[in-house]
1. Just the number: Rg to Rh for region 276-424, Cα atoms, Kirkwood Rh, two decimals.
2. Can you sort 370, 456 from fewest to most other Cβ atoms within 10 Å of each residue's own Cβ?
3. Run the helix sum for the chain: -39,500 (n - 2.57) per DSSP H stretch of 4+ residues, divided by residue count, reported at 222 nm to the nearest 500 deg cm²/dmol.
4. Given the Cα-Cα distance of residue 394 and residue 292 and 0.36 nm per residue of separation, how much length would full extension add, in nm?
5. Taking the Cβ-Cβ separation of residue 221 and residue 375 as r and a Förster radius of 25 Å, what is the calculated FRET efficiency to the nearest 0.05?
6. Hey, what did the chain get for relative contact order, percent, Cα under 8 Å, at least 6 apart?
7. Would you kindly give the portion of the calculated P(r) for region 274-350 that falls above 20 Å, as a percent of all Cα pairs?
8. If you place +1 on the Cβ of every Lys and Arg, -1 on the Cβ of every Asp and Glu, and leave all else neutral, what size is the dipole of region 424-469 about its Cα centre, to the nearest 20 Debye?
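A short reminder: the numbers here are calculations on the coordinates, not readings from a lab. Just so you know, these numbers come straight off a predicted model, no measurement behind them. Cβ placement follows ideal geometry from the backbone for every residue including glycine, while neighbour counts extend to all protein chains displayed.
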Amino acid sequence: MDDDLDGTEPWWRGAAFYQVYPRSFADSTGSGVGDLAGITERIDYIADLGVQALWVSPFFTSPMHDNGYDVEDYCAVDPRFGTLADFDALVAAAHARGLRVMIDWVPAHTSTAHPWFQRALSDPRCPERDYYVFRDPAPGGGPPNNWTCAFEEGAPAWKLDDESGQYYLHSFLPQQADLNWHNPDLRAAMHGTLRFWLDRGVDGFRMDVIHNIGKDPALGDRDPALAALPHMLFNDDPSTHRYVREIRALLDSYPGQRTSVGEVFLLDTAQVATYYGQGDELHMCFNFPPLYTEWKAEAWRGCIEATTGALDPLGAWPTWVLSNHDQKRHRTRYGGGIERARAAAVLLLTLRGSPFIYQGEELGLLDAEVPEQRVVDPGGRDGCRAPIPWADSAPWGWGESTWLPMPPECATRNVATQLATPGSMLALYRRLLALRRRCPALSVGSFQLLDAPAGVLAYERRHGQETLRVVINFETGPVALPEGLRGQLLCASTGDAGDAGGTCDALLGEQAVVLRCLGAAPER
Ligand code: ISL
């Protein structure tokens, strides 16, 4: 595998990542639930898409109260998803195609079914009791502080253990008990779980709510005005940085540029930036404001400026995400139009930083409608987790029944049809990813916002002799491009690439283009 893109950059800078949600990716057994062998069977699909790495969401032993983000055994594959041998086969198949494999690591909490928690409950004097955050009730009774949990608005982040009379902390479901990272034995045990997978050859980790590992040792009340919002959104204890540096040192002790991307779910990018440390904490952080930015040129310009303003001075490498397993898919969020989703693909894959594609967005999927009797997720996030349609007729490459309903428009939004259609969304993602590979200006080049007419976002990417321009029309009407924004068309969000090579001096409504600057050297 090439370690560098141009001899100096680490592999993950400018790499495009593909998020696989194993339950819904591909099913090798006909059970209606996707599995690891299913991913391996479809690994060529991911390789041919043109990404450099995949991130596989949790497949560890779990009671599945939070679809695997409630881990019962960090070092075992849940039988629903296969075996460790299936995992090894997936890594081997990915590596054979030059794809890196990142897995999800959930360090902030375990399932209450985890043996550590079970021991902690059964014997309050056992060492594992301090792996968690148990506290006496507040002086007047009730939870120890006013922190609230996610998924249930305003509900306390504490659950009473009747047996001992103490509460334990849970930032998410009561079945997900927060770990106490101040305990050195817990830290060592969690480091052991990283080593387990590093020794098996994984290339890195997506670290679930990593900002939530360190807690204010005093467990003080939060500002009552904000107390109804989940504590996790605000948890930003200085101790976390030390723990993250230890994790980074562990990754760095392995050869091969093992990598981390942390889910730092803090809504201020300046706060997120601190988790890059001095280049000695996370390699990359997810940044959530872009996920909440509406489809408007001005809003995106502001979002990009805020991101570059917070990260560039630190030399911190950005990530860009439009969809994931927790949020409405961006096509759904942006109103459902397909041209808009196509323009969004150009944006995602040409900004400076590492883009993360969520499985199915390359098909232009919408969220599924999930009737009440089929709801699975306590957080209301089933719609974006619907299975990927592979075949061009029902049951779309799955067994007769799937764990969630299929998404809408399967007859056109399936892999078989889109592979055979030159102008498909899938073809567009493949074209854009190929362009990223061919043009270092897009993957690792510098970035500069350009002046543009109202409703249009334009920026320049530059590397060596190569200068590319990206111009995105967020509005539905056509727009003429001023002289300074014209260029030779390399890729348009519309059509099937038939017009590449011509000069572009105007955009259709909701069209986005990648251009080579006129007067620049012709493409090599
Ligand atoms: O899901 C959300 C909003 O709909 C987020 O607030 C989410 O809780 C947050 O991004 C943290 O997410 C991660 O940790 C959770 C898990 O449920 C998510 O699936 C995971 O991505 C708890 O482990």
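1. Rounded to two decimals, Rg/Rh equals 1.02.
2. Lowest count first: 370, 456.
3. Taken over the chain, the calculation gives -7000 deg cm²/dmol.
4. Length gained, residue 394 through residue 292: 33.3 nm.
5. Working from the Cβ atoms, E equals 0.15.
6. That works out to 12 percent.
7. 35 percent
8. For this selection, approximately 320 debye.
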